[in-house]
Structure formats: structure tokens, C-alpha cells
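Student: One structure coming up, written as C-alpha cells, with questions to follow.
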Amino acid sequence: MTFYTGDMVTHVPSQNQLSHAFVEDVEDSLLQMFKAYIGGPIFAALGNHDSSPENNDAPHAVDNDGPLGEQFSWNYEHISKLWEYYGWINSSTQAEAALHYGAYAVTHPLGVRIITLNTDFYYQSNYYAFLHTAEPDYSGIFSFLIDELQKAEDAGQRAYITGHVLSGWDGKNPMPNSADYFYQIVERYSPHVIAAVFFGHTHEDQAFIYYTNNGTNQTAENAIANAWVGPSLTPLTNLNSGYRMYEIDTGSFEVIEAYTFYSDVSSFSSLEGTGPTWEFEYSTREAYGPAAGWPDGEPLNATFWHRVTEAMEADRSLVTLQNKYQGKSSVMSPNCTNQACAEARICYMRSGSAGLGRQCPQGFGSVQSAFTGTNF
């Protein structure tokens, strides 16, 4: 199975370069390439750039299911029809995706339930997310998620959640109330239902943990779920290109191993008629497992990642290693060598919501430019 966590459409410098036709053309072209080179099925979530104007999606309830609430339905209809055309979802799932802002759920032949979300409804750059902020599920997207997780629980299934905008890390991306609500949903259905959460958006290689009791007592025993923020093929700013392959246990659907690959963007200018060269970057188990004291064969779950953060507290070289991998081994990544940066990274990795992330030292969340945080 292949997960695509969104942002098919180019990051344009001006909204004037976007249109419905442009977005549809990019979606047509990219999914055609996916079908040709990957095959399928590919389970995709919409990103904040996959719309026009970008970042925006309107809740149906904004005018009681009137034209304002339906103004982005052209996109949900178009992309879901493409998913159906390529055989990745059936007609009933297509109708579900068109209704639920491009979000849908399917049960994979192996037995795991895959739930995709449109995370724009808790994204700070979505103007419509500021409507009725006291009601964190004004769009109904979380009700959809709860319904699908409940179906999985009733059927004794494990589930993967895949979306674009992350719910946590340093707290700069999601709306606080909505991120807290998402955290509570994850807590309710973990660890017995949710096997893993997958995000994109930042273009960087990150991971973070969800705990019981809204993360108020962050211990290995209380770690119940984890999110993988996958490296992106698109370099964006000062990053290399990357992608990841996961090895899963097809009984428990836990992640057993994760292999990350990268391509050095500095070499792209010398390419003549060929694609980039991809190199193996690292194995998650081999990179972090020994320092975390993690047993062979045990899943790379929330407990594993908490043990990694404990190892980072004891050994600063692991923070340096994590920083390197966050930028996909880019020579342009700033160094995370001072005390404030190290503490911030560990804190971010323990922050599955905006509220938790904002309590961490700020200014060390991204490696795409010089850190703005101040050392102690």
C-alpha cells in the first residue's frame, strides 16, 4: 500500500497563478504519473495547496449546506473521481469522499482500516477555520473520523490515519482547539485501534508522540500512539528530496521498520536527461534503537519513540543525528547543538497537539532556515 499525504499542486508565489483549471490539471497529471509508475492502490489525503485559493476549505455548515459551504466541492468531486477512475477506491467510497471534503475510509485487503482526513479544517492558514473556533468540529471532519474509528473498533480492526497538516510538534500549524480535539480522539482509540498516524506538510522528517491524559504525564508507560511526518519528494527550502518505506507486521499492523531514502538536491543541476539518484539514508531501528535499548523485533511504536527522546536527553549526539535526518541530510540545515535547541526538539517530539507544542522553547522547529530561538 502507498500513502500520499498531500500537496500535489505547486507552491506558487502568487494566488493569481492558481485557478480551478490549474489545480485540476495538476491533479490529472500527477495521479496519471502515480498510476504509471507506482500502480496502486494509492491512498491520498488532500494538502493545503491542493485547492484554489490555496489553504482554504469551507465547512458545509457555513451557510447550512448552501452555496458558500459547497464552493470547494468541485475539487472533492474531481479528485475523488480520479481515485475511482484509477481503481484505488470504489464508487461508494468516491461518493463518501466527495461529501466529506475529500476524506474517506477503506479496509485494505490485509484487514487494516485506512482513514484519510482533510486537515485544512484545523489549519491556521485556512480562513474558514476561524469561524466558530469555540466549536472545534464545525466542519464535521472529526465526527467522520470518530465514526470510522468506531467502525474499526466494533470490527476488531486496526486503523491508520493519514492526513496532511500535523496536529502537533511546535504548535505553529494547527488551531489549538481542533488539535486538542484530535488528540482526545487519538487517546480514545489508542493503542487498541490506531496503529499509526501519518502526516506530511512540513517537507521535513519528523516524529511525535501522543500520551494519555492529554500529555500531562509524558512517560514511556503513558505513550499510546505516534505520528510519522514523512520526508517529501519536493525539497522546498534548503532541504533534500526524500521518501520513506515502512515494513509492517500484517497481523498487528504495527510499524516494524522504516527505511528513508534521499536525493542530494545539489546534484540536480548536473543531471542531463536522467532522473535524480536516490540513496539509502537510514534505518529508523538501526539509527535510534540501540541507544533507546529497544529489543529486536519490537514495533517502532509510541513507547519506542519516547525511549528515543529519553536517549536524546542522555546523549546529545542523537539530537544532532535527528537534526541531520530532519533535513534529509542537507548541508544547508542549521546545527542543533546548544541546550535550548536540544530541549526544544525533545519537547516537540513529545507534543502531539498545538497546546503542548507551544509550551516548548520556540524557534527550533524547522531546519529550512536559521533557528530563531535563543539559547539558555
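Read the figures in this text as sums done on the coordinates, not as results from a lab. Fair warning: this is a prediction, and the values are worked out from it, not measured in the lab. Every residue, glycine among them, receives a Cβ derived from its backbone with ideal geometry; neighbour counts consider all protein chains shown.
Student: By the gyration tensor of its Cα atoms, with a ≥ b ≥ c the square roots of the eigenvalues, what is the shape of the stretch 200-271: rounded for a/c under 1.5, prolate for a/b over b/c, or oblate? Don't jump to the answer; show the numbers that get you there.
Tutor: Working: a/c = 4.13, a/b = 1.89, b/c = 2.19.
Oblate shape, in that a/c is at least 1.5 and b/c is the bigger or equal ratio.
Student: Something else now. Could you give the length gained on full extension between E313 and T337, defined as 0.36 nm per residue of separation minus the Cα-Cα distance, in nm?
Tutor: On the way: separation 24, 0.36 × 24 = 8.64 nm, distance 1.26 nm.
Separation in residues times 0.36 nm, less the Cα-Cα distance, equals 7.4 nm.
Student: Indicate the gyration tensor shape class of the stretch 163-315 (rounded, prolate or oblate), computed on the Cα atoms with a ≥ b ≥ c the square roots of the eigenvalues: a/c under 1.5 is rounded; otherwise a/b larger than b/c is prolate and the rest oblate. Walk me through the numbers before you get to the answer.
Tutor: On the way: a/c = 2.03, a/b = 1.49, b/c = 1.36.
Judged from the Cα gyration tensor, the stretch 163-315 comes out prolate (a/c at least 1.5, a/b above b/c).
Student: Sort the chain into rounded, prolate or oblate with this rule: let a ≥ b ≥ c be the square roots of the eigenvalues of the Cα gyration tensor; rounded if a/c is under 1.5, and if a/c is not under 1.5, prolate when a/b is larger than b/c, oblate otherwise. Can you show the working numbers first?
Tutor: Numbers: a/c = 1.38, a/b = 1.23, b/c = 1.12.
Rounded, since a/c falls under 1.5.
Student: Now for a separate question. Please turn the phi angles of the stretch 151-156 into ³J(HN,Hα) values with the Karplus equation 6.51 cos²θ - 1.76 cosθ + 1.60 (θ = phi - 60°), one per residue in order, whole Hz, x for glycine and proline.
Tutor: 4, 5, 4, 4, 8, x
Student: Taking only DSSP H segments of four or more residues, each worth -39500 (n - 2.57), what value at 222 nm results for the chain once the sum is divided by all its residues, to the nearest 500 deg cm²/dmol?
Tutor: Values: 10 runs with 117 residues, N = 376.
That calculation yields -9500 deg cm²/dmol at 222 nm.
Student: Determine the distance separating the Cα centre of the stretch 17-36 from the Cα centre of the stretch 254-283; give it in Å without decimals.
Tutor: Result: 24 Å between the Cα centres.
Student: Using the per-residue mean of other Cβ atoms lying within 10 Å as a proxy for protection, in what order, highest first, do the peptides 354-361, 33-40 fall? All intermediate terms of the calculation are to be shown ahead of the outcome.
Tutor: Details: 354-361: 21.2, 33-40: 12.2.
Ranked by mean Cβ neighbours within 10 Å, highest first: 354-361, 33-40.
Student: Another question, if that's okay. Restrict the search to the stretch 153-210; then list the trypsin sites (Lys or Arg not before Pro) that DSSP places in a loop and that have at most 15 other Cβ atoms within 10 Å of their Cβ.
Tutor: Numbers: sites: R158, K172, R188; in loops: R158, K172.
In loop regions of the stretch 153-210 (DSSP not H, G, I, E or B), the sparsely surrounded trypsin sites (Lys or Arg not before Pro) are K172.
Student: Excluding same-chain pairs closer than 8 in sequence, count the lysine pairs in the chain whose Cα atoms lie under 30 Å apart.
Tutor: Working: K35/K81; K35/K151; K35/K328; K81/K151; K172/K324; K172/K328.
Within the chain, the lysine pair count is 6.
Student: So which GluC sites (Glu not before Pro) in the stretch 34-128 end up in coil per DSSP with only 15 or fewer other C-beta atoms within 10 Å? Spell out each step's value before the answer.
Tutor: Numbers: sites: E54, E70, E77, E84, E96; in loops: E54, E70.
Qualifying residues, ordered by number: E70.
Student: Count the net charge of all other residues whose Cβ sits under 12 Å from the Cβ of R316, scoring Lys and Arg as +1 and Asp and Glu as -1. Please report the intermediate quantities before stating the final value.
Tutor: Numbers: positive: R345; negative: E313, D315, E343.
Net charge around R316: -2.
Student: So, counting K/R as plus one and D/E as minus one, what does the shell of residues with Cβ under 13 Å around G293 add up to? Walk me through the numbers before you get to the answer.
Tutor: Numbers: positive: R285, R307; negative: D296, E298, E310, D315.
Overall, the nearby charge balance is -2.
Student: Could you tell me the distance between the Cα centroids of the stretch 184-203 and the stretch 99-165, to the nearest Å?
Tutor: One Cα centre to the other: 10 Å.
Student: Suppose we keep just the DSSP beta bridges with both residues in the chain; what percent of those would be antiparallel, to 5?
Tutor: Here the antiparallel bridges make up roughly 60 percent for the chain.
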